[in-house]
Amino acid sequence: MYKIGWIGLGKMGEPMCRQLIGAGYPVVVYNRSKGKEEALKVLGAVVASSPASLMQQADVIFLMVSDDQAVSGIFNGEQGLLQAKTTGKLLINMSTVSPSISKVLAPLCKQQGNNYLDAPVSGSVKQAEERQLVIMAGGDETTFERAKPILEKLGKLVMRVGPTGAGNATKLAMNILLAFYTQGLAEAVIFAKRHDIRTEDFMALVNISAMGSPFIKMKGDAIMENNYRAAFALKHLAKDLRLAKSEGLATPLGEVAFRTFQQAEPAFGEDDIIAVIRQLNPAQ
Ligand code: NAP
């Protein structure tokens, strides 16, 4: 059985890593700030002192960290993955990052004697906890086939969508749609409220209509409960729209969503994405 290395124990990384421990894999973990490893240590995880040290100890190394900058530091830092003198490893980057960074890192890993797969996820903390993530991968077929049985322990669908970077591009496309849904729901609720329609009534109708979906139900409930605690932090969606823009997003809705989420980030970046409703209507 492969030994797993897991880097990044944030909201998503921690429950995902937990799934692999639960599936019986021996796991070594690393997180930038200390303390987050403790709960996993109790479950048997070993803690590495640096990404390079983790790579020495593991066969398959996962990353689940915030953004391009974090990924770059983990690969290129003094104690980074590219410093490890090891070959035959499989590096799976599940973070939502740019296709460009994957296209830079994959050949560097190859030169080092290792393989890289981009494999970002759709779904949030609940889906991570319930092994219901949707995983879209970019890389060569052999690398994908090696990763697939492990990825299947994390999600309900694991699909290779193309060569290196294709997983990242697909994930950005999904988050463009996510931004439209989020802003669309917020604007519809605000409009209905301005016409004295109770949000409870409006959401009951939307949820049972053809427009209803698990996402709309979840975020509608959050609005009604005044619960903006982050499942998916707004700052991450603002980051994804910046990435999408730098990768060519220039459509009418895309421009609007980009602007809205950048404007919302300073005040609501740490809150959930649906807190965008507070940006659009401060009375909310
Ligand atoms: P999070 O809770 O904010 O955790 C971020 C993780 O990245 C932490 O482990 C953090 O370490 C690490 N990190 C940040 N900057 C770093 C740096 N410069 N060097 C090393 N490590 C660094 O984020 P998350 O919600 O788990 O999201 C992780 C990724 O998944 C993001 O790319 C996000 O867009 C994507 N995603 C999230 C969701 C969701 O619903 N939350 C869904 C799908 C995809 P520290 O503990 O030291 O801060």
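The values are calculated or read from the model by the stated rules, or taken from the named source; none is laboratory data. All figures in this text were calculated on a predicted structure; none of them were measured in a lab. Note: ideal-geometry Cβ built from the backbone for every residue, glycine included; neighbour counts use all protein chains shown. The protein model used for the area step is the full one, side chains on, heavy atoms only, and it has no ligands, DNA or RNA in it. Shrake-Rupley method; radii C 1.70, N 1.55, O 1.52, S 1.80 Å.
Descriptive notes on the structure:
- Taken over segment 37-53, residues that are touching a Gly at 6+ places or on another chain (Cβ under 9 Å) and either in contact (Cβ under 8 Å) with a residue 40 or more places away in the chain or surrounded by 12 or more Cβ atoms within 10 Å (Cβ to Cβ) (or both) amount to 4.
- Among the candidates Tyr30, Tyr25, the residue that is among the hydroxyl-bearing types (Ser, Thr, Tyr) and buried (at least 23 other Cβ atoms within 10 Å of the Cβ) is uniquely Tyr30.
- Inside segment 100-110, residues that are open to solvent by less than 10 Å² (accessible area, probe 1.4 Å) and either within 17 Å of the chain's Cα centre (by Cα) or away from the ligand (no atom under 16 Å from the Cβ) (or both) make up a count of 2.
- Top-ranked residue of segment 255-270 - restricted to ones that are among the small types (Gly, Ala, Ser) and surrounded by fewer than 21 Cβ atoms within 10 Å (Cβ to Cβ), ranked as nearest to the ligand (Cβ to nearest atom): Gly269
- Filter result for Gly167 (in contact (Cβ under 8 Å) with a residue 60 or more places away in the chain and either part of a helix (DSSP H, G or I) or open to solvent by less than 10 Å² (accessible area, probe 1.4 Å) (or both)): yes
- Close pairs (6 angstrom Cβ cut-off, 6 or more residues apart or separate chains): near the ligand (Cβ under 6 Å from one of its atoms) in segment 111-124, among the hydrophobic types (A, V, I, L, M, F, W, C) and open to solvent by 20 Å² or more (accessible area, probe 1.4 Å) anywhere: Ser124/Ala231; Ser124/Phe232
- Exactly one residue among Thr182, Thr142 is of a type in the set (Val, Ile, Thr), open to solvent by 10 Å² or more (accessible area, probe 1.4 Å) and modelled with pLDDT of 95 or more, and that residue is Thr142.
- Number of the condition not met by Val125 [criteria: (1) crowded, with 24+ Cβ neighbours inside 10 Å; (2) in contact with a Pro (Cβ under 7 Å, 6 or more places away or on another chain)]: (1)
- Helices (runs of 4 or more DSSP H) wholly inside segment 25-98 containing at least 3 residues that are of a type in the set (A, V, I, L, M), within 25 Å of Met136 (Cα to Cα) and within 13 Å of the ligand (Cβ to nearest atom): 68-76
- Condition met for Ala147 (open to solvent by less than 60 Å² (accessible area, probe 1.4 Å), outside any strand (DSSP E or B) and more than 11 Å from the ligand (Cβ to nearest atom)): yes
- Residue tally, condition over 24 Å from Ala169 (Cα atoms), over 18 Å from the mean Cα position of the chain (by Cα) and within 16 Å of the ligand (Cβ to nearest atom), over segment 222-254: 3
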